[in-house]
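**Q** My questions will all concern the structure given below.
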Amino acid sequence: MLETLALKNPSHLYDRLLFALGGLGIYAVVFPLLYTFAGTFTATLAVIPMALIGWLLGVRGSLIFGILFHFLNDYLFELVGDPGAVALIPSLVSSFTVTLIGMTIGWIHDLLDRVHKQTAELQEERKSLQNEMGKRMEVEERLTHEALHDPLTNLANRRLFINRLEHALEWNKRHPDDLFAVVYLDFDRFKVINDSLGHNTGDLLLVAVARHLKASVRAMDTVARMGGDEFAILVEAVNNNDEVISVVERLRESLTAPFEVRGNTVTMTASIGVVLNLLQYARQEDILRDADIAMYSAKAAGRNRYKVFDMAMREEAEDVLILESGLRSALQNSEFRLHYQPIFSLATQAIIGFEALLRWDHPRRGLLYPGEFLKVAEESGLIVPIGEWVMYEACRQMQQWHLQFHTDPPLNISVNLSSRQFSQSNLIAQVEAVLKKTGLPSKNLLLELTETTMVEDIEQAVTKIDKLHKLGIGIEIDDFGTGYSSLGYLRHFPVNSLKMDRSFTSSLDAGKNGIPIIRAIVAMAGSLGLKVVAEGIETAEQAACLTELKCDYGQGYYFKTPIDGDAAERLIREAFNK
Ligand code: C2E
Ligand code: MG
Ligand code: MG
């Protein structure tokens, strides 16, 4: 029984009852026997070990109950006076009562213990819950921050900018005197920086620029990175437009200082579009569209400047869109034509080849020249498929003339390549395919590239030009003297000829002060083994002067304007007596 009492945890009611009965048994049997046979004194003494056993077995309070029980028993014994028979009854009653009290107190004690434990557990749980919540809030805050900020510069991103712009519009409806403006900024030629210094340096530069921009406006203004090298600034609470303009000027000023990035000193310029008087706008997307239009207008006007949006710009932008969709259908509807302008040997006056020049036979506007659509074709990327068509058509036509006339030497065809086309990764394969399909010998194809195209990514240009050169294709630098204005780069490229810009030819007119420069160009080209083609010869005097200056070839209205394929065919027939 002791074992049972010791092993069982008296925390359940059933165990407790067993325990109570156990206790009852001990007291009921042991004490009457002790009283009867050993006398009161011994029985009293026995209470102590009994209580101690109870204590050791884990019955808290047994000691007290044992003593209580003894006195009660003692009292009853005195009262009744018959130890043998009567002692059993009070012993039973008192043992039972005392055990019940012990059980209840133990139970209450355990209950309190458990409550205490549970409270501690709850507190622990609350603490860990609070911790968890704290962590969650941190993660949530971080996620919200990431969703609304640009990871590179830590500026607001497009989403946050639009949100702030919408708020500003709302606020303005109620406070029409508070003016605000949007400044849209795009860095000029950032691609060149990225390509030449690497994307990592480009990224560092953007971070530095972001810091500059942020420092040039007030804390309340929102500076956002809208993507790539485009930034937007929401200038709020301004009193008049002049204040906005002074902010824009301050921004430009802050960008003029050169940036030091990874040991490189980089100077940046930006084209900036500004939209003022935002009260007239109901939707944020209209503001952003107009800011973008103004920024493009600044770029078109020569970059490194700002333009304030006006309605004429929007009309222009709409015209561009119309032109772009027209160009798209022009390809499908075969509205493009090629005109050919002959190129002459200045020494012999013989035709050595033709330059293919693109025309658009517009269904409503008639024949359009490149000046009217080329820029849009370049910006939209449509120049790539258009250029592919030009290359194929020019080679096909020239090969047809080869087969038809068998001129000696065979005529060359010069094809203009835009920088967009030149940067296509499949350019070489495309040229090879055209030559194969048309059968034109590669030595009779000349590709005209401008200096700007070549220096945009010198390394890539050198590799590509090398490959083209190895295929036997000639390379000409078009509009030479108008672009990079440095001759040093020429030795990097296996170029065949320079097409000297028309401005040099016209510099021969008034006072002929262009002679020394042309002489220098011809001498330099000669020393590099390059031929010189003079562009835009309009008069006999210019032709004579250029011949005297030992310019190799000439092209211009004086000899012949660009003509369509049929007229060019007649010209060849006449010129070569075929
Ligand atoms: P470019 O390659 O420098 O072509 C010469 C331009 O000068 C042609 O203008 C030609 O008509 C014009 N021209 C020729 N002789 C004279 C002259 O004596 N006086 C004057 N004032 N002009 C003369 P066009 O056909 O309007 O082409 C303009 C430019 O458009 C071209 O300049 C070329 O850069 C570009 N282009 C033309 N066709 C293509 C093409 O198929 N693809 C690409 N990417 N660009 C093209
Ligand atoms: Mg050309
Ligand atoms: Mg040219």
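**Q** In the stretch 429-450, what residues are among the hydrophobic types (A, V, I, L, M, F, W, C) and within 16 Å of ligand 3 (Cβ to nearest atom)?
**A** Listed by number, the residues that qualify are Leu446, Leu447, Leu449.
**Q** Another question, then. Of all residues being within 16 Å of ligand 2 (Cβ to nearest atom), among the small types (Gly, Ala, Ser) and surrounded by 15 or more Cβ atoms within 10 Å (Cβ to Cβ) in the stretch 342-388, which is nearest to Val415 (Cα to Cα)? Just the residue, please.
**A** Ala356
**Q** Output the residue which, of all residues in the stretch 468-488 that are assigned to a helix (DSSP H, G or I) and exposed (fewer than 15 other Cβ atoms within 10 Å of the Cβ), is farthest from ligand 3 (Cβ to nearest atom).
**A** Lys470
**Q** So for the stretch 416-428 (the condition being assigned by TED's automatic domain parsing to the domain that holds Tyr369, within 16 Å of ligand 3 (Cβ to nearest atom) and of a type in the set (Gly, Ala, Ser)), does at least one residue qualify?
**A** Within the stretch 416-428, one or more residues are assigned by TED's automatic domain parsing to the domain that holds Tyr369, within 16 Å of ligand 3 (Cβ to nearest atom) and of a type in the set (Gly, Ala, Ser).
**Q** Here's another thing I want to ask about it. Is it fair to say Ile517 is in contact (Cβ under 8 Å) with a residue 40 or more places away in the chain and either more than 16 Å from ligand 3 (Cβ to nearest atom) or assigned to a helix (DSSP H, G or I) (or both)?
**A** Spelling it out, it is not the case that Ile517 is in contact (Cβ under 8 Å) with a residue 40 or more places away in the chain and either more than 16 Å from ligand 3 (Cβ to nearest atom) or assigned to a helix (DSSP H, G or I) (or both).
**Q** Oh, and also: Residues Leu213, Leu169, Leu185, Leu197: which one is more than 22 Å from Arg303 (Cα to Cα) and in contact with a strand residue (DSSP E or B) (Cβ under 9 Å, 6 or more places away or on another chain)?
**A** Criteria check complete, one pass: Leu169.
**Q** Select from the stretch 303-341 the residues that are surrounded by 15 or more Cβ atoms within 10 Å (Cβ to Cβ) and among the polar types (S, T, N, Q) and write down the one among them that is farthest from Val415 (Cα to Cα).
**A** Result: Asn304.
**Q** Condition first: away from ligand 3 (no atom under 14 Å from the Cβ) and part of a helix (DSSP H, G or I). Can you find one or more residues in the stretch 492-504 that meet it?
**A** So far as the stretch 492-504 goes, yes, one or more of its residues are away from ligand 3 (no atom under 14 Å from the Cβ) and part of a helix (DSSP H, G or I).
So that you can scan it fast, the table gives a plain yes or no per residue for (1) part of a strand (DSSP E or B); (2) among the aliphatic types (A, V, I, L, M):
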residue	(1), (2)
Val182	yes, yes
Asp186	yes, no
Lys191	no, no
Asn194	no, no
Thr201	no, no
Val209	no, yes
His212	no, no
Met220	no, yes
Ile233	yes, yes
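**Q** Have a look at Asp566, Asp509 and point out the one that is more than 16 Å from ligand 3 (Cβ to nearest atom), over 47 Å from the mean Cα position of the chain (by Cα) and either surrounded by 15 or more Cβ atoms within 10 Å (Cβ to Cβ) or within 22 Å of Leu446 (Cα to Cα) (or both).
**A** Only one candidate qualifies: Asp566.
**Q** Just to be sure I understand, how many residues within the stretch 491-517 are basic (Lys, Arg), more than 13 Å from ligand 1 (Cβ to nearest atom) and closer than 30 Å to Gln460 by Cα?
**A** 1
**Q** Here's something else I'd like to know. State which residue is farthest from Val308 (Cα to Cα) when the search covers only the stretch 265-289 and only residues that are in a strand (DSSP E or B) and of a type in the set (A, V, I, L, M).
**A** The qualifying residue farthest from Val308 (Cα to Cα) is Val266.
**Q** Would you point out which residue out of Ser334, Ser329 is in a loop (DSSP other than H, G, I, E, B), away from ligand 2 (no atom under 14 Å from the Cβ), of a type in the set (Gly, Ala, Ser) and without any contact (Cβ under 8 Å) to a residue 60 or more places away in the chain?
**A** Every option except Ser334 fails the conditions.
**Q** Here is a follow-up. Would you pick out the residues in the stretch 555-569 that are within 10 Å of ligand 1 (Cβ to nearest atom) and either free of Cβ contacts under 8 Å to residues at least 60 places away in the same chain or touching an Asp or Glu at 6+ places or on another chain (Cβ under 8 Å) (or both)?
**A** Within the stretch 555-569, Gln555, Gly556, Tyr557, Tyr558, Pro562 meet the criteria.
**Q** Is it the case that some residue within the stretch 362-370 is at pLDDT 95 or above and within 16 Å of ligand 3 (Cβ to nearest atom)?
**A** Checked against the condition, which is being at pLDDT 95 or above and within 16 Å of ligand 3 (Cβ to nearest atom), the stretch 362-370 yields at least one hit.
**Q** Can I ask one more? Out of the residues in the stretch 519-563 that are among the polar types (S, T, N, Q) and within 16 Å of ligand 2 (Cβ to nearest atom), which is surrounded by the most Cβ atoms within 10 Å (Cβ to Cβ)?
**A** Within the stretch 519-563, the match that is surrounded by the most Cβ atoms within 10 Å (Cβ to Cβ) is Gln555.
**Q** From the list Lys467, Lys437, Lys443, exactly one residue is at pLDDT 95 or above, outside the structural domain of Phe190 (by TED's automatic domain parsing) and under 39 Å from the mean Cα position of the chain (by Cα). Which is it?
**A** Lys467
**Q** Further question on the same structure: Check off (1) assigned to a helix (DSSP H, G or I); (2) charged (D, E, K, R); (3) within 26 Å of Ile572 (Cα to Cα); (4) modelled with pLDDT under 95 for Glu459 and give me the number that stays unchecked.
**A** Unmet for Glu459, out of (1) assigned to a helix (DSSP H, G or I); (2) charged (D, E, K, R); (3) within 26 Å of Ile572 (Cα to Cα); (4) modelled with pLDDT under 95: (3).
Yes/no matrix, rows are residues, columns are (1) part of a helix (DSSP H, G or I); (2) in the same structural domain as Gln349 (by TED's automatic domain parsing); (3) within 19 Å of Asn412 (Cβ to Cβ):
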residue: Val532; (1), (2), (3): no, yes, yes
residue: Ile537; (1), (2), (3): no, yes, yes
residue: Gln542; (1), (2), (3): yes, yes, no
residue: Thr547; (1), (2), (3): yes, yes, no
residue: Lys550; (1), (2), (3): no, yes, no
residue: Gly556; (1), (2), (3): no, yes, yes
residue: Ala568; (1), (2), (3): yes, yes, yes
residue: Leu571; (1), (2), (3): yes, yes, yes
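**Q** So if I check each of Ala394, Ala347, which one is more than 10 Å from ligand 1 (Cβ to nearest atom), small (Gly, Ala, Ser) and touching a residue at least 12 places away in the same chain (Cβ under 8 Å)?
**A** Ala347
The values are calculated or read from the model by the stated rules, or taken from the named source; none is laboratory data. On a predicted model such as this, the values are computed, not experimentally measured, just so you know. Cβ sites come from the backbone with ideal geometry, for glycine too, and all protein chains shown count toward neighbours.
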